[in-house]
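Worksheet: the structure to be examined is printed underneath.
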Amino acid sequence: MSIVNTVLGPRDSASLGFTLSHEHILLSSAGIEDTFPEFIDKEFAIKEGIRQLSEAKSEGVETIIDLSTMDLGRNIQVIREVSEGSGVNVVVATGTWLDIPRSFANASPDDIAPLYIRELTEGIQGTETKAGVIKVANEPEVTDAGEIILRAAARAHRATGAPIYTHTMAKNRVGDRQVEIFIDENVDMNRVCIGHSNDSTDIGYLTGLMDKGVWLGLDRYPGQGVTWQERTKVLFDLIERGYGTRLMLSHDWSVYATMMTKQRLAERPLQNPDNYLFITRNVLPMLLELGADQEQIDDLMIHNPRHFWEGS
Ligand SMILES: [Zn+2]
């Protein structure tokens, strides 16, 4: 076992159970909460977050990793209330998403790594809540500023042992470049998950990454561009090729996001009424139909996330 930081305190990795590896609750932008709080309907995010995650819990979801960073308006108070109210464990992230602060673009990785390390070891936003994972993001490619963030994440990982979870543009094979940089930084590949990989159906790209030792996050469901059924066929193909113990599943869902238009926010629940339960209600039954067994599903949802935390 190892100890994993959740928003409500440290937990034994063996106790986290059925885990969704890449989700969100509230999404916004850096600084909005402090400056224009009326732009964020926090009460809605909390109430609806508790409702959706309570329902998810009643159908077996025990833990989510909320990969919202400061530039995604990460709000520890909201996450804490939703975790308390729903009973779902939430692991929170340090790191940086795509809105890299201009100030970071002119810094060195060694200027930024200590900031991540502090959030992993001391606390976030004046609370004692510690991050459990380091998030990085590169789209449509790894820019100069993006490389600074990747190297800072790598150094924070080496200093703390915390795992790294990435956002990629899979169709541009961004995962390949992320892995190159992590190898250059002597990161333990077994502690890296290359996310949004099920936006690609290129088996060569996906297995090539896993052959370098990383995990893959098939973490967009139902997703856009590639249908959820196609995503599930690729997933089953990867299981049949022997990669079923290197994959984690999730939705990249959020209860509420201030960067979405009002129309999109209204349409989302209609497009995915199952929200955090889409995988449970649709993907896992389809996997069983394709010929997967319950043990393989337990690997995806329970054992793999545990091994990702434990580095085993
Ligand atoms: Zn996300």
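Quick notes on this structure:
- Residue, surrounded by the fewest Cβ atoms within 10 Å (Cβ to Cβ), within the stretch 150-191, restricted to residues that are closer than 20 Å to residue 130 by Cβ and of a type in the set (A, V, I, L, M): 159
- The numbered conditions (1) without any contact (Cβ under 8 Å) to a residue 60 or more places away in the chain; (2) in contact with a Lys or Arg (Cβ under 6 Å, 6 or more places away or on another chain) are all true for residue 85 except (2).
- Being of a type in the set (Phe, Trp, Tyr) and either closer than 30 Å to residue 158 by Cβ or in contact with a Ser or Thr (Cβ under 9 Å, 6 or more places away or on another chain) (or both) is true of residue 309.
- For the stretch 174-189, the criterion of being away from the ligand (no atom under 16 Å from the Cβ), under 24 Å from residue 297 (Cα atoms) and at pLDDT 95 or above is met by at least one residue.
- Residue match in the stretch 50-61 (condition: among the hydroxyl-bearing types (Ser, Thr, Tyr) and within 16 Å of residue 133 (Cα to Cα)): no
- Checking the stated criteria, residue 56 turns out not to satisfy the condition of being more than 18 Å from the chain's Cα centre (by Cα), buried (at least 22 other Cβ atoms within 10 Å of the Cβ) and under 20 Å from residue 276 (Cβ atoms).
- Considering the conditions (1) out of contact with any Lys or Arg (no Cβ under 9 Å at 6 or more places or on another chain); (2) closer than 18 Å to residue 73 by Cα; (3) part of a helix (DSSP H, G or I), residue 116 is excluded by exactly one of them, (1).
- A single entry from 69, 19, 35, 6 fulfils the requirement of being exposed (fewer than 15 other Cβ atoms within 10 Å of the Cβ) and not acidic (Asp, Glu): 35.
- Those residues of the stretch 102-149 which are of a type in the set (Val, Ile, Thr) and more than 23 Å from residue 168 (Cα to Cα), in sequence order: 121, 124, 127, 129
- Residue list for the stretch 247-261, restricted to those being more than 15 Å from the ligand (Cβ to nearest atom) and surrounded by fewer than 22 Cβ atoms within 10 Å (Cβ to Cβ): 261
- Qualifying positions in the stretch 26-62 - within 16 Å of the ligand (Cβ to nearest atom) and closer than 18 Å to residue 99 by Cα: 26, 27, 28, 29, 30
- Condition check for residue 232: in contact with a helix residue (DSSP H, G or I) (Cβ under 8 Å, 6 or more places away or on another chain), more than 15 Å from the ligand (Cβ to nearest atom) and assigned to a helix (DSSP H, G or I): yes
- Number of residues in the stretch 280-312 that are touching a residue at least 24 places away in the same chain (Cβ under 8 Å) and either aromatic (Phe, Trp, Tyr) or part of a helix (DSSP H, G or I) (or both): the value is 20.
The values are calculated or read from the model by the stated rules, or taken from the named source; none is laboratory data. This is a predicted model, so every value here is computed, not measured. We place every Cβ from the backbone using ideal geometry, glycine too, and count neighbours over all the protein chains shown.
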